[in-house]
Amino acid sequence: MEHLPTTIDTGLMQSLEQFNKTLQTPPDPKTLQKTPDGKAEYLPIDFVENQLREDFGGLVQFIIVSERRELNEYIVVARIKIFHPIARTWMEYDGIGAAQITQNRVPVLDEQGKQMRDERGNLMTRTAEIIEFDTTKQKNALEMNAPKAYSEAIKNAAKKIGKKYGGSINRKFEDGYEAIYTTAEVSATAIEELRKCKTKAEASEVLGKYPDLKDNKEFRKVANSIYSQLV
């Protein structure tokens with residue numbers, strides 16, 4: 001039976017937190033593109049793949065786990081494998097993507113089976129039904145739709161790695177990433193400096209050096225106590 005470590009390697013945890021912090025940084029708004037209906041944003045697949053290669057030194061793999069056609073949609077399950085430079089191990093993230101297989105429009109026929117025309121004299125057509133898929137599927141449709149499903153699957157998997165790859169795009173609520181071990185060490189250092197202060201002016205200078213701690217409740221509690229005793 002494998003024995004798990006009984007103590008936490010604080011240095012390793014801090015390194016992991018610092019690396020994860022870079023992965024949780026949202027992408028530059030300039031890299032985002034709008035969906036055709038303009039209601040949402042997304043990162044292009046080429047940006048996601050290239051950014052992953054850069055961040056992980058090329059040690060990244062893009063794998064198709066499965067693919068299938070279901071009714072008039074093509075569905076792909078893809079996997080991203082990255083070698084984590086701090087944890088020194090391969091990690092896997094799966095994602096799913098789907099794309100509708102394009103179908104030709106169908107003529108609108110009258111009771112005699114003749115194609116109808118509208119008021120302007122144009123031939124009338126309608127959207128094909130799913131039951132008509134085999135006879136209306138556009139020629140070479142999968143050459144366009146399969147790559148799209150793959151792209152959506154890769155982007156879906158990449159979102160699980162971090163906000164940098166689109167993890168927070170189009171979400172109404174965004175939870176911030178907190179580096180627990182790193183914050184604890186920085187907080188201890190800041191408190192030690194505060195205790196050496198003799199005036200509130202000196203304490204204010206120290207607090208100005210640690211803006212990231214302003215929302216830390218435990219730090220603020222101790223800092224306020226020290227500050228209140230100064231002149």
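A short reminder: the numbers here are calculations on the coordinates, not readings from a lab. All of these numbers come straight from a predicted model, not from anything done at the bench.
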> Which number comes out as Rg/Rh for region 180-228 once both Rg and the Kirkwood Rh are worked out on C-alpha atoms?
Replying inline: 0.93
> Angle between the Cα long axis of helix 141-159 and the longest principal axis of the chain, 0 to 90 degrees, nearest 10?
Replying inline: 10
>> Limiting things to C-alpha atoms, what are the Rg and the maximum Cα-Cα separation (Dmax) for region 85-151, in angstroms?
In response: 21.0, 72
>> Taking the 0 to 90 degree range and rounding to the nearest ten, how far is the long axis of helix 217-228 tilted relative to the main principal axis of the chain, both from C-alpha atoms?
In response: 30
>> List the aspartates and glutamates whose Cα sits under 20 Å from the Cα of Lys39, skipping any in the same chain fewer than 8 residues away.
In response: Asp28, Glu152, Glu174
>> How long are the semi-axes of the equivalent ellipsoid of the chain, taking √(5λ) for every eigenvalue λ of the Cα gyration tensor, in whole Å from largest down?
In response: 56, 24, 13
> Taking the chain as a Gaussian network, Cα atoms linked when under 10 Å apart, which of Gln33, Gln100, Gln51 shows the biggest mean-square fluctuation?
Replying inline: Gln33
>> To make sure I understand the rule: partners must be lysines, Cα under 22 Å from the Cα of Lys209, and not fewer than 8 residues away in the same chain. Which ones qualify?
In response: Lys21, Lys196, Lys198, Lys200, Lys217, Lys221
